[in-house]
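Comments concern the structure below.
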Amino acid sequence: MLRDILPLCDKVFYLNPEIGHFVSGAHFLPYSNTNVFATELSLPTQTGRSRIVHAPTDSGIKGTALILDALDQLKGQFDFDLVLIKDKTHAEAMELYRSADLAIDQVLAGWYGGVAVEWMAMGKPVAAYIRDSDLGFIDQNMRRDIPILQLRPSHLVEDLAAILSKRSQWRQIGEQSRQFVEKWHNPDKIARAMLKCYRDPRLPFVLE
């Protein structure tokens with residue numbers, strides 16, 4: 001692929017920033033999997049027992065066992081319910097997502113997935129491991145705007161405790177998350193930028 005196929009392309013895109021280390025001259029492409037403006041805003045609650053969701057679509061990559069162990073250690077300190085979402089239709093999963101106050105994406109992959117975009121479109125605060133060494137491959141304005149709550153696999157209990165202790169901020173973070181996906185994961189903007197590149201591959205991929 002690297003030697004024979006990609007050199008034939010006018011432009012190459014990747015969805016995960018880590019690929020930038022291996023494919024020189026390629027461009028980061030944000031996920032466009034969610035119709036953001038058709039997604040109803042459902043901000044976190046601020047009182048009562050908090051509800052945390054996690055979707056272990058690939059538990060090995062997402063570090064589900066680590067997440068469960070860390071949350072188990074924090075049960076005596078914080079009042080929350082954990083909902084694992086699997087083996088559901090998309091409509092069923094979306095309904096469960098809407099009931100969440102906090103969503104945990106992954107703690108190993110180093111970037112957030114398409115489901116995190118759905119959560120942020122709903123106005124949910126999302127926690128995930130973002131690998132700092134990959135961030136040089138995305139638009140630096142996007143890097144500045146990322147609202148993801150950082151989780152480090154080596155400090156997972158401490159990081160989750162810090163997030164759970166700041167529930168009063170979750171609603172504001174949820175609002176910032178919605179604004180983030182409107183700006184950076186808007187399918188219409190991404191399609192317009194891609195069309196410009198198809199018309200003239202010499203043009204940069206820019207979301208406007």
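The values are calculated or read from the model by the stated rules, or taken from the named source; none is laboratory data. Being a predicted model, the structure only gives us computed values, none of them experimental. Using ideal geometry, Cβ is built from the backbone for each residue, glycine included, and neighbour counts are taken over all protein chains shown. SASA here: full protein model, heavy atoms, side chains in, ligands and nucleic acids out. Shrake-Rupley method; radii C 1.70, N 1.55, O 1.52, S 1.80 Å.
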Residue by residue through the range 1-51, note down the ones that are β-branched (Val, Ile, Thr) and under 27 Å from residue 180 (Cα atoms).
12, 19, 23, 34, 36, 39, 45, 47
Could you check the range 141-164 and list, in sequence order, the residues that are within 28 Å of residue 208 (Cβ to Cβ) and part of a helix (DSSP H, G or I)?
141, 142, 143, 144, 145
Please work out if residue 178 is touching a residue at least 40 places away in the same chain (Cβ under 8 Å), crowded, with 17+ Cβ neighbours inside 10 Å, basic (Lys, Arg) and farther than 22 Å from residue 74 by Cα.
yes
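This table checks each residue for (1) within 15 Å of the chain's Cα centre (by Cα); (2) in contact (Cβ under 8 Å) with a residue 24 or more places away in the chain; (3) surrounded by 15 or more Cβ atoms within 10 Å (Cβ to Cβ).
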site: 121; (1), (2), (3): yes, yes, yes
site: 140; (1), (2), (3): no, no, no
site: 144; (1), (2), (3): yes, no, no
site: 154; (1), (2), (3): no, no, no
Enumeration of residues in the range 181-193 that are open to solvent by 40 Å² or more (accessible area, probe 1.4 Å) and over 17 Å from the mean Cα position of the chain (by Cα):
188, 189, 191, 192
Looking only at the range 79-105, which residues are in contact with a Pro (Cβ under 9 Å, 6 or more places away or on another chain) and outside any strand (DSSP E or B)?
85, 86, 100, 101
Those residues of the range 78-88 which are in contact (Cβ under 8 Å) with a residue 24 or more places away in the chain and surrounded by 12 or more Cβ atoms within 10 Å (Cβ to Cβ), in sequence order:
78, 80, 81, 82, 83, 84, 85
How about the range 123-137: which of its residues are open to solvent by less than 10 Å² (accessible area, probe 1.4 Å) and either outside any loop (DSSP other than H, G, I, E, B) or more than 16 Å from residue 45 (Cα to Cα) (or both)?
126, 127, 128, 134
Determine if the range 58-67 includes at least one residue that is assigned to a helix (DSSP H, G or I), of a type outside the set (A, V, I, L, M, F, W, C) and surrounded by fewer than 12 Cβ atoms within 10 Å (Cβ to Cβ).
yes
Run residue 199 past the list (1) loosely packed, with under 14 Cβ neighbours inside 10 Å; (2) over 29 Å from residue 10 (Cα atoms) and report the number of the one that doesn't hold.
(2)
